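The values are calculated or read from the model by the stated rules, or taken from the named source; none is laboratory data. On a predicted model such as this, the values are computed, not experimentally measured, just so you know. Please note: Cβ atoms are built from the backbone with ideal geometry, for glycine as well, and neighbour counts cover all protein chains shown.
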Amino acid sequence: MMKKLSTISKNIAIIYSPLISIIFFLFSCGGSEDISYQRGMESMEEGRYLTAINYFDEAVIQSPANPELYFQRGNAKLMLEDYSGAIDDYSRAIVLDSSGTKYFINRGLAKISAANYNDAILDYDKAVKLDSTDAQIYFNRAYAYELLNEYDTALNDYSQAIMLDSTISIYYVNRGNLHSFLGNSDNAILDFSKAIELNTDDKIAYQSRGDEYTIVGKYKDAIQDYSRAIEFELEDMNVYYSRAEAKLGMEEYLGAAVDYTIIISIDSSDATAFYNRGICYANLELKNSACADFVKAGQLGLFEAYEIISEYCEADNENGKKKK
């Protein structure tokens, strides 16, 4: 008797980019009224960071003792992923004004982006001494601790950030993500739910909560969350994969097959989608369709499909030959 057919997991994971998950100061009040500075700020707002740097260079020549100029030039370099250049400019700002919390916060972010996590934490420690009520400092430091695998300390900092400012959805998303990583689905769901309450347009929160619901077997809730996440990005194959897995958990093979069909329409070279749709068809006793998908999956390089073809698709033919 043939073994039970099962789908192949795509092993999808949400990756959080530091520039998305870390809050940093980009624009601030104050600074020189010099025309070069103003044009530099305008260029920043328009996303023309190289142009902004040129204007800030001119402004620095005119006012070399103004820390705000180095700070904004550092921001432009950070956006261009020139992390060493950004760190240098933030350091210049700190030399001129060591009481500027935002200088330490952004230098810490640049150091995180450059994978200098311990040095980033030192900057956030200094920032905390300057202002222990700033939630962003704890949030950023938590991220650095998380990247160093110091999870308990990271959780404490995320919680401290939330205690100081409970209105920022991304604080809950990151803490929920860490709870999820540590296997605490109940706390993760609570955090993602709070994030959604604060920001009903948070796609990542819906997707992440859907993942947790899937883990604890609440497939119907998971499907609802994945469907909501899809509304924000109609061609995100990862979410379709996740929703299909939740449907399979409810043995909704036809619904799962529809999701795999959508994935195939987005990327016709996705062998896993063909293979998994074949599994759905097999469970629906649509053998010809199932085998056609297994063949396609094999042609696309998923060699596990050939084992299924041999055991499932060719089995009856072999039995028929033997009977003759």
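Taking the conditions exactly as written (free of Cβ contacts under 8 Å to residues at least 24 places away in the same chain and within 29 Å of the chain's Cα centre (by Cα)), does Ser289 satisfy them or not? Talk me through it step by step, then tell me what you get.
Numbers: free of Cβ contacts under 8 Å to residues at least 24 places away in the same chain: yes; within 29 Å of the chain's Cα centre (by Cα): no.
No; evaluated as a whole, the condition is false for this residue.
Could you identify the single residue in Tyr253, Tyr226, Tyr260, Tyr158 that is modelled with pLDDT of 95 or more, of a type in the set (Ser, Thr, Tyr), over 20 Å from the mean Cα position of the chain (by Cα) and buried (at least 24 other Cβ atoms within 10 Å of the Cβ)? I'd like the intermediate steps shown before the answer.
Numbers: Tyr253 fails: buried (at least 24 other Cβ atoms within 10 Å of the Cβ); Tyr226 fails: over 20 Å from the mean Cα position of the chain (by Cα); Tyr158 fails: over 20 Å from the mean Cα position of the chain (by Cα).
The unique qualifying residue is Tyr260.
On the basis of being in contact with a helix residue (DSSP H, G or I) (Cβ under 6 Å, 6 or more places away or on another chain) and within 22 Å of Asp201 (Cβ to Cβ), does Ile223 make the cut? Yes, satisfied. Would it be correct to say that Tyr306 is among the aromatic types (Phe, Trp, Tyr), in a helix (DSSP H, G or I) and without any contact (Cβ under 8 Å) to a residue 24 or more places away in the chain? It is true that Tyr306 is among the aromatic types (Phe, Trp, Tyr), in a helix (DSSP H, G or I) and without any contact (Cβ under 8 Å) to a residue 24 or more places away in the chain. On the stretch given as region 44-56, residues that are at pLDDT 95 or above, in a helix (DSSP H, G or I) and surrounded by 14 or more Cβ atoms within 10 Å (Cβ to Cβ) total 7. Of the residues Ser36, Ser32, the single one that is modelled with pLDDT under 95, surrounded by 14 or more Cβ atoms within 10 Å (Cβ to Cβ), in a helix (DSSP H, G or I) and among the small types (Gly, Ala, Ser) is Ser36. Within this structure, Glu233 passes the test of being surrounded by fewer than 19 Cβ atoms within 10 Å (Cβ to Cβ) and under 15 Å from the mean Cα position of the chain (by Cα). Of the residues making up region 52-84, those that are within 27 Å of the chain's Cα centre (by Cα) and free of Cβ contacts under 8 Å to residues at least 12 places away in the same chain number 1. Considering only region 85-106, I want to know if a residue exists there that is within 25 Å of the chain's Cα centre (by Cα) and among the acidic types (Asp, Glu). Taking every residue of region 85-106 in turn, none turns out to be within 25 Å of the chain's Cα centre (by Cα) and among the acidic types (Asp, Glu).
Among Tyr151, Tyr124, Tyr145, Tyr138, which is aromatic (Phe, Trp, Tyr) and more than 21 Å from the chain's Cα centre (by Cα)? Full working, then the answer.
Details: Tyr151 fails: more than 21 Å from the chain's Cα centre (by Cα); Tyr145 fails: more than 21 Å from the chain's Cα centre (by Cα); Tyr138 fails: more than 21 Å from the chain's Cα centre (by Cα).
It is Tyr124.
Across region 87-94, not a single residue is classified as in a helix (DSSP H, G or I) and either within 30 Å of Ser193 (Cβ to Cβ) or at pLDDT below 95 (or both).
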